[in-house]
Amino acid sequence: MKSDIIKSLSNNFEDHSQTTENGIEFWFARDIQHLLGYSEWRNFQKVITKAKISCEATGNDILDHFVDVNKMVQLGSGSEREIDDIMLTRYACYLIAQNGDPKKEQIAFAQNYFAIQTRKFEEIEKRIKDWERLQARQKLTLSEKELSELIYEQTGNDKNFGLIRSKGDQALFGKTTQQMKNKLNVPKGRALADFLPTITIKAKDFATEITVFNTKDKNLKNERQISTEHITNNRSVRKILLSRGIKPEELPAEEDIKKLERRVISESKKLGKNPDKLK
C-alpha cells in the first residue's frame, strides 16, 4: 500500500474520530461503514454482528464497546429523520475490520490502524508493511504447497519439488538457494523465503503461480518439463525486476518472518486485554 494512500486513509479515520466526556475515543458505525467501503448498511451490520461475537469470545463485554444510539440526519428536503447508529470504541472498530472483507484496501488499512494505540503515522505505515510481508509469505506457502502436490501428482516423486524449487531460485537470483542462504545468514533448517523482503517473496510467488498454471494447462508430466517451465518463469520475473533496477540477490535480509508473526499476534492480543470502554 503506497504511502500517499496510507496517509489519506489515516486522515479520513482521524477526521471521523470523536471523544466522549470522559475522554474515550470512539467512532460512529455509520461513518466506519463508508470508511471501510460498505455501501449498504444491512451488509455492514452483518460484519458488526461477527465483531460482537469476537468481542465476547475475548472476554470483553459487548456493551462496553458497541453502544446503540439514535441520531437525527438531514434529508434532501431539509427535514430530519431519526436513524439507528452505534458508538464504537477503537477495539470495536478493530474487530469490525478483522471480520470485514479482506479484499477491500480500506479493511487492510483499518486492521492495522486500529491495532495500535499510538497516532504516529510512521508506526501505522510500518505495521502495514509488516502485515503485507506476512500476507505475501503466507501466499507463497500456499502456492508452493499447490505446486508440490501437483508435481507429486504428475511425476509420482515427492522429492522433485525441492529440486525444481532450487532450480527456480537459481534462475531468479543467479545464485543457488544455499548461496543465498549463506549470503543472508539464514539459520540452518530454515526456509530462504522467511528472510526475504516482500518484493522478492512476491516475485517467487508470481513465478510459482505461472508454473502451476502452465503445468496444468500444458499437462507437463515429468521433472524435466516442469523444471524447464519453472526456470523460464523465474528468469522472466528476474528480467522484469532487473529492468526496474532491482537485483533480487543484492537486497538485504529482512526480519525473521516467524519473529515478525509473533510480534504482530502479540500486539493484537494486547489490544484485546485492556481496551478502552465507552461506559
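For segment 235-258, state whether one or more residues are free of Cβ contacts under 8 Å to residues at least 24 places away in the same chain, in the same structural domain as Leu142 (by TED's automatic domain parsing), surrounded by 17 or more Cβ atoms within 10 Å (Cβ to Cβ) and assigned to a helix (DSSP H, G or I). There is no residue in segment 235-258 that is free of Cβ contacts under 8 Å to residues at least 24 places away in the same chain, in the same structural domain as Leu142 (by TED's automatic domain parsing), surrounded by 17 or more Cβ atoms within 10 Å (Cβ to Cβ) and assigned to a helix (DSSP H, G or I).
Considering only strands (runs of 3 or more DSSP E) fully contained in segment 15-116, which possess at least 2 residues that are β-branched (Val, Ile, Thr)? By residue number, 66-74, 80-89.
Scan segment 25-41 for residues that are more than 17 Å from Phe109 (Cβ to Cβ), in contact with a helix residue (DSSP H, G or I) (Cβ under 9 Å, 6 or more places away or on another chain) and not hydroxyl-bearing (Ser, Thr, Tyr) and report the count. Residues in segment 25-41 being more than 17 Å from Phe109 (Cβ to Cβ), in contact with a helix residue (DSSP H, G or I) (Cβ under 9 Å, 6 or more places away or on another chain) and not hydroxyl-bearing (Ser, Thr, Tyr): 6 in total.
Looking at this structure, is Asp68 at pLDDT 90 or above, loosely packed, with under 13 Cβ neighbours inside 10 Å and under 26 Å from Thr19 (Cβ atoms)? Against the criterion (at pLDDT 90 or above, loosely packed, with under 13 Cβ neighbours inside 10 Å and under 26 Å from Thr19 (Cβ atoms)), Asp68 qualifies.
If you go through segment 158-176 and keep only what is surrounded by 20 or more Cβ atoms within 10 Å (Cβ to Cβ) and not charged (D, E, K, R), you end up with Phe161, Ile164, Gly168, Leu172, Phe173. When we screen Gly59, Gly37 for residues that are at positive phi and touching a Lys or Arg at 6+ places or on another chain (Cβ under 6 Å), the only hit is Gly37. Each residue in segment 62-110 was checked for being of a type in the set (D, E, K, R) and in contact with a Cys (Cβ under 8 Å, 6 or more places away or on another chain), and 0 of them qualify.
The values are calculated or read from the model by the stated rules, or taken from the named source; none is laboratory data. Since we're looking at a predicted model, the values are computed, not measured. Heads up, the Cβs are rebuilt from the backbone with ideal geometry, glycines too, and the neighbour counts pull from every protein chain shown.
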